[in-house]
Structures are given as C-alpha cells and as structure tokens.
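Note sheet for the following structure.
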Amino acid sequence: MSKINVVARTGNEAMAEAMRQINPDVVAAYPITPATEIVQIFASYVADGLVDTEFVPVESEHSAMSACIGSSAAGGRTMTGTSSQGLALMAEILYVASGLRLPIVLAEVNRALSSPINIHCDHSDTMMVRDAGWIQIFSENAQEAYDNMVQAVKIAETAALPTMVTTDGFIISHGMERIEIFEDKDVKDFVGPKKLGQYLLNLEKPITLGALDLQDYYFEHRRQLAEAMIDSKNIILDVAKTFKDKFGRAYGLFESYKLDDADRAIVVMGSTAGTAKVVADGLRAKGIKAGVLKLRVFRPFPKAEVAEALKNIKAVAVMDRSDTISGHEGPLALEVKAALFDSNIKKEVPDYIFGLGGREVRLEDIESVYKDLGDIIDGKSKDRVTYLGVRE
Amino acid sequence: MAEKIQKQGWKSLPKGDVIEGGGTAREFRTGDWRSERPVHIPEKCIHCLTCWIYCPDSAIVTKNGKFVAFDYKYCKGCGICAHECPVKGKAIKMVSEKEAKKNEKICQK
Amino acid sequence: MKNLIEIRWHGRGGQGAKTAALLLGDAALAKGLYIQAFPEYGPERMGAPVASFNRISPKPILLHSGVTNPDVVVVLDPTLIESVNVTEGMNENGILIVNTERAPKEVKSDCGVKGDIKVFTVDASGISKDCIGKDIPNTPMLGALVKATGILDFKEMLEDTKHKLEKKFKSKPEVIEGNLKAIERAFNEVKS
C-alpha cells in the first residue's frame, strides 16, 4: 500500500496537486472563478520547474479546449480546468474532443450559469454539456476530487474518451479539508506513461484526423462514441479496483450509503451527499431507515445499477442541483426515473430542485425531503417537482 | 470513374474520425469532375514551369526540368495554369471535356 | 473533545478572518483531527463584514452545509457587534470571544448576549499593534480561542502556526516573531 501524507487542502489545491503529480505534457487554460486557482497554482508549478508541462495561456476557454485538442491529437497527455461560463464557451469544442476520441482531462468546478450572473455552486454548467460525449465524475469533497483526478487520466486514456472531474464551487473548491495525498512516484506509477494509440506526430503511422464526415460516415462515428461511453462503465470500475488495490479507497459508479435496509432514500450528487448522509444518520438514530445514493458517475449513467440499488426501497427522492427548465424535473431525476421505468419498477419519485446559485442547503431542507418520503410510504402523494429552499 | 469501395460499419471503422495511412489524397481522383481540361501546345512551350509552380493539385508532370504532361487523374480543370502561362499566345489552352472526349468511349471500364 | 465543534469568525475584509480559520484548521489537522475551514464568499471589499468558519472533529466530517449553529464565535472587530448579529444561531453553552478592551461582563450586558453563552474578551488589536506594529487581530485571537475553548494544546498550536508563518513570510522574520508573541500574549491576557 502506498504511503500517504495528511494535509489540509482546498478542493482547488487538491486538484492542482493531483495535476502536479500526474505531470501532464500540456495544460492549456483560461481562468474563471471559482476554478481559477487550479490552473493558477498549476502555473506556479510550471514556473517553479516542478513539472515538465508546457503551459499554454490562451485568450478564452474556446481556445483553451482547442489547444487541448491539438495537444491531445498530437499525442500529449493534456489537462485543463474551468467552470460555468467557461465550460459554456468550451461547449462547441467539447463535442470535437469527444468526437475525435481524445482523452483530455478537465477539472470542472460546478457553478451556476448566467443570467443573473452568479459565481456560486450549482450543477447547471456540467449538466449543460451532459450529452457532449464526456465522462462526468462528481466529487463529494476535496479528497474525492484528488482521487478522481488521479483516476480520470487512466479512465480517459483507456476509454479514449475525454473526462471531466467536478467539484462543487466554493463549497469544495474553496473549503479547506483534511485530505490524504499519495507519494509522487506512486501516482506516477498508477497513472503510467501515456498509452499512445494513433496520434498525429507518429511519423511511422501517419493519420488524418477530423476529416469531413457526411451522410455516409458521421452516423457510424457517433454510434462508436455511444458504444465507447457504454464500455467506459467497466473501465471506470476497473480503474477504481486498481486504485483501491494500490491506495485503499474504494470507488464505484455510485456510493450506496445505508441503502441495504433503507425504506427511504435520496439520490444526490456532489457535496450535498455528505450533508444528506449526516441527516440520514440522524434519522437512523431515531429508528427511521434512511439511506443515500450518491451518484459519482453521471456519464455514462449507470442505469441498470441504479435501478437495482433502488428497487427494494419504498420511497425514493432525487435532489437536482440544476433544472432542465422544461416544466418537468431536473436532469438527474429524469435519468433515475428512466432507469426505474426500464427495470419495470413503478415508484413515485419526487424531485427536489435545490441550491441553485449557491443557495444554502440546510439540514432541515434534507430532513423535509425524508419527511415527504415518509408521507409517500404512508400512502400520500407528493408534488412531482419541488423547488427546495426558494422563497415563495 | 472512382472505384466503388465497401463502406465500413461502426464496428470495424477506425475509431474517432481517423483516416489511417498517409497520402490518402492520392486515392481521391479529383479529375473526375473536371468540365474543362488544359491542353499543352508543345511548340509554344518555353518550359519555364510557371504552370508547375501554380498548379494547386500538383497535376503538372515534369522530367529533367521540362514539362511532360498534365496528370488528368487529379487535374480539376481550374485553369490557373493557362491563366498564368507567360508565353505570348499561351502554351496551354483550356478545352471543354465534352470536346476532348469526343472520340473516347462513354465508359472506359 | 465532543464529536464536532463548529466555529464562526466575524471580521472585516482585510482583517484576516479567512487566514485565522485556515491557521486553526491547519493546527487542528496537525493534532490528527478532521477539519474544515472555509470563508463565506460574498461581495469582497476591504472593511465589509465577512465571516469564515471551522469545523473540527475527531471523526471524518461529512457535513457540507454552512455553519448555522456555531459552538464558538470569534469577533475580530468589536464595531461589528452593532451591525451584525454575532450571536445568531449560537448554542446555549456557546463561547463568544471578542476583540475589545472592555470587560466580558460589559459585552454581555451591552450587547444583550443571552443565556449561558460564555463571553471572553481580549485586546487583540492593542496586542497586535504592540507586537506586529499593525492592527492585524487574527493571530492573537487564535491564541485567545485556544485558551477559551481548550480544543488544542497551546504549545502545539504555536509550533504549527510558526511552521505555517515561516512558509508565508520567509523574507520577513520579524513578522513571524511578532505574530507568535501576539498569540502568546492574547493566550495569557484573555479574560472571562
């Protein structure tokens, strides 16, 4: 087992630390709150000669992702970081990265989208690009942000899919916590040298990349991308297993917190999962069998696995930190309901849209969700969608 | 006519919009859709190779510093060579394909 | 130490409320405790009321909501008491530590501090001016907090803070010296 060092780090510092240990060939980035620190700290590593990385300061996120694509296509291990409007500006190029199957790793700090302008946490930005063909991994805390970054490189390069690791803006990005970091050499060993498949700078085996695909080939390439996303589920699990063997911490597609005997459960992503666990523990002390399903991997969505984990639970609620603005539920609830439906599980699944723009989610808010689930168990029906913590 | 190739399905197609191998443009017969072709007039040609410099498709064949022929497999018939030819009265003239192919069979294969 | 201690720091932008929370978090971590240290991010400008928070626990901390019911509140600037409800949400047996020359009794009666909240005061600004030459009350308040709460061993905390300051002020040894002296004086001079 690897030696560990216990340190106090913010989520951003933890992600930058992982990037230093990974020592990518190229980082191209543009600063944006609250992700600025990640690349700012990393740039200081470059300036101090602690990494061998070529740092490309660009003039926008659109350019950042474009430069990442150039670097990754050439064969370089490539990383970047962004948030909110930055991710939105990258959106066009995110699709190019996945279409070209480039294993770029992006540290994404979840933040609301304008307007109104707001710098605080919600998941609108990440959810906006949920169909961009990127693997999306959510982190509950700074430790997971670090662990997920280390795993993401391996996942991305094995699956040949770009991968974003997210943390919650300010709550995790700027909150200092106790985390365990590994020795540089152990991270280096774990990540390994970049496996070069086909790359542009390989003069032995020249390739053309990104040729025009019309009616005759585009469909086949998109079908390949879909298949790669399906296959990446097992890759993510394999990497998690290797990670556990080497570093001791277990990861899956999601975490089942006290679900085994639960009669009510909340499905949630990110930092709120921790708070929900505290609430569940409090309810269990009163004899109420509460549990939490903390989704780690939103893309690929572990449909059958989520349905299996929830099938015996009497009442399930979803908490969405973004809205589809479709007049119906948020993106996570849509996925969970589709998963249950496809597994022939008929349940009322109320959705709670919460925490938009960094709105505080209090213990009482989560308690009220569990209370609603209690009502459902007692045969009462609940609203399909509730905006939790909004002023009427 | 370009050879008809069997298009691959998603399972066998190289992944990620990659075309394997170099110089694949060679297989792309851009001469197929020409409407006019350049015709060489040897008695006027001074072998300055201005046409060779300007041809965007490298369709001017030369040997020992002299003009030999047009490569009609790739020549798109853009006419730049004829336009740039510095010889008074021009050593290259553009002729319609219809005219040029008048004596050929409709389908050569 | 009980399971989880929650601390709220009140200050004005520039007084070091965030740094104080980070230093305390670091010192508690060095003791083998689990920690959180995070500021409240509102509009940032010098002099505006700001808050920062700590959670310290012998067990892993899963909570990621804001601190609404602090066990300890530290007020870096006494003028804040007029504009901010510094005891908001405080637990009944909470500890309130204020940077002021006044006596704890006066703070308790003048500010209408309710219940069994224990009030401590220390002239951290005065100490800071004496030791550091500037009114930077955050580090002396750290000393007062350790005395008032007993959550950390004073010597260990001082040692850890020294390490942290040495990293931050490599080229200014007098700043390190002054800060450590200020922490020690506040530890000794805090009144209850």
Problem set entry | Residues of segment A:334-392 that turn out to be of a type in the set (A, V, I, L, M), in a loop (DSSP other than H, G, I, E, B) and touching a residue at least 60 places away in the same chain (Cβ under 8 Å), as a count | 1
Exercise. Residue check, A:L259 against (1) more than 14 Å from chain B (Cβ to nearest Cβ); (2) buried (at least 17 other Cβ atoms within 10 Å of the Cβ); (3) under 30 Å from A:F182 (Cα atoms), all met but one. Which one?
Worked result: (3)
For this session: Pick out the one residue from A:A132, A:A152, A:A156 that is outside any helix (DSSP H, G or I) and either more than 10 Å from every other protein chain (Cβ to nearest Cβ) or more than 24 Å from A:E335 (Cβ to Cβ) (or both).
Result: A:A132
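Residue by residue, here is whether (1) aliphatic (A, V, I, L, M); (2) more than 18 Å from the chain's Cα centre (by Cα) holds:
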position: A:L259; (1), (2): yes, yes
position: A:A262; (1), (2): yes, yes
position: A:V278; (1), (2): yes, yes
position: A:G282; (1), (2): no, yes
position: A:K286; (1), (2): no, yes
position: A:E308; (1), (2): no, yes
position: A:A315; (1), (2): yes, yes
position: A:L332; (1), (2): yes, no
position: A:V336; (1), (2): yes, no
For this session: Using the structure shown, decide if C:T68 is within 26 Å of A:E144 (Cβ to Cβ) and either without any contact (Cβ under 8 Å) to a residue 24 or more places away in the chain or away from chain A (no Cβ under 14 Å) (or both).
Result: yes
Exercise. Residues A:A228, A:A211: which one is in a helix (DSSP H, G or I), within 14 Å of chain B (Cβ to nearest Cβ) and either surrounded by 15 or more Cβ atoms within 10 Å (Cβ to Cβ) or out of contact with any His (no Cβ under 9 Å at 6 or more places or on another chain) (or both)?
Worked result: A:A228
Exercise. Do the conditions hold for B:K76, that is, is it within 22 Å of A:A211 (Cα to Cα) and either more than 14 Å from every other protein chain (Cβ to nearest Cβ) or of a type in the set (G, A, S) (or both)?
Worked result: yes
Exercise. Looking at segment A:1-115, what strands (runs of 3 or more DSSP E) fall wholly within it and have at least 2 residues that are touching a residue at least 60 places away in the same chain (Cβ under 8 Å)?
Worked result: A:4-10, A:78-83, A:105-110
Exercise. Is it the case that C:I56 is within 14 Å of chain A (Cβ to nearest Cβ), touching a residue at least 60 places away in the same chain (Cβ under 8 Å) and in contact with a Gly (Cβ under 8 Å, 6 or more places away or on another chain)?
Worked result: yes
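Each row is one residue, and each column tells you yes or no for (1) within 14 Å of another protein chain (Cβ to nearest Cβ); (2) surrounded by 17 or more Cβ atoms within 10 Å (Cβ to Cβ).
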| site | (1), (2) |
| --- | --- |
| A:G49 | no, no |
| A:A64 | no, yes |
| A:A67 | no, yes |
| A:A74 | yes, no |
| A:R77 | no, yes |
| A:E92 | no, no |
| A:A97 | yes, yes |
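Strands (runs of 3 or more DSSP E) wholly in segment C:23-131 with at least 2 residues that are more than 22 Å from A:K277 (Cβ to Cβ) and touching a strand residue (DSSP E or B) at 6+ places or on another chain (Cβ under 9 Å) - which ones?
The qualifying strands (runs of 3 or more DSSP E) are C:49-57, C:72-75, C:95-99, C:118-122.
Report those strands (runs of 3 or more DSSP E) wholly inside segment B:6-105 carrying at least 2 residues which are of a type outside the set (K, R) and at pLDDT 95 or above. Steps first, answer last, please.
Numbers: elements: B:18-20, B:36-40, B:60-63, B:66-70, B:92-96.
Fully inside segment B:6-105 and qualifying: B:36-40, B:60-63, B:66-70, B:92-96.
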Exercise. Only one residue in A:A307, A:A317, A:A338 is closer than 24 Å to A:G252 by Cβ and touching a Ser or Thr at 6+ places or on another chain (Cβ under 7 Å), so which one is that?
Worked result: A:A307
Seminar exercise, completed: Selection from segment A:214-225 of residues of a type outside the set (D, E, K, R), assigned to a helix (DSSP H, G or I) and more than 7 Å from chain B (Cβ to nearest Cβ) yields A:Y218, A:F219, A:L225
Problem set entry | Single condition A:K380 does not satisfy, out of (1) surrounded by fewer than 14 Cβ atoms within 10 Å (Cβ to Cβ); (2) at pLDDT below 95; (3) not hydrophobic (A, V, I, L, M, F, W, C) | (2)
Exercise. Got a sec? Which of A:E140, A:E157 is closer than 20 Å to A:Q198 by Cβ and touching a residue at least 60 places away in the same chain (Cβ under 8 Å)?
Worked result: A:E157
Exercise. For segment A:286-331, which fully contained strands (runs of 3 or more DSSP E) count at least 2 residues that are touching a strand residue (DSSP E or B) at 6+ places or on another chain (Cβ under 8 Å) and over 30 Å from A:S115 (Cβ atoms)?
Worked result: A:290-295, A:315-320
Problem set entry | For A:G327: the one exception among (1) touching a helix residue (DSSP H, G or I) at 6+ places or on another chain (Cβ under 7 Å); (2) at pLDDT below 95 | (1)
Exercise. Of C:Q15, C:Q36, which residue is touching an Asp or Glu at 6+ places or on another chain (Cβ under 9 Å), at pLDDT below 90 and buried (at least 20 other Cβ atoms within 10 Å of the Cβ)?
Worked result: C:Q15
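The values are calculated or read from the model by the stated rules, or taken from the named source; none is laboratory data. Everything numeric in this text was worked out from a predicted model, so none of it was measured. Using ideal geometry, Cβ is built from the backbone for each residue, glycine included, and neighbour counts are taken over all protein chains shown.
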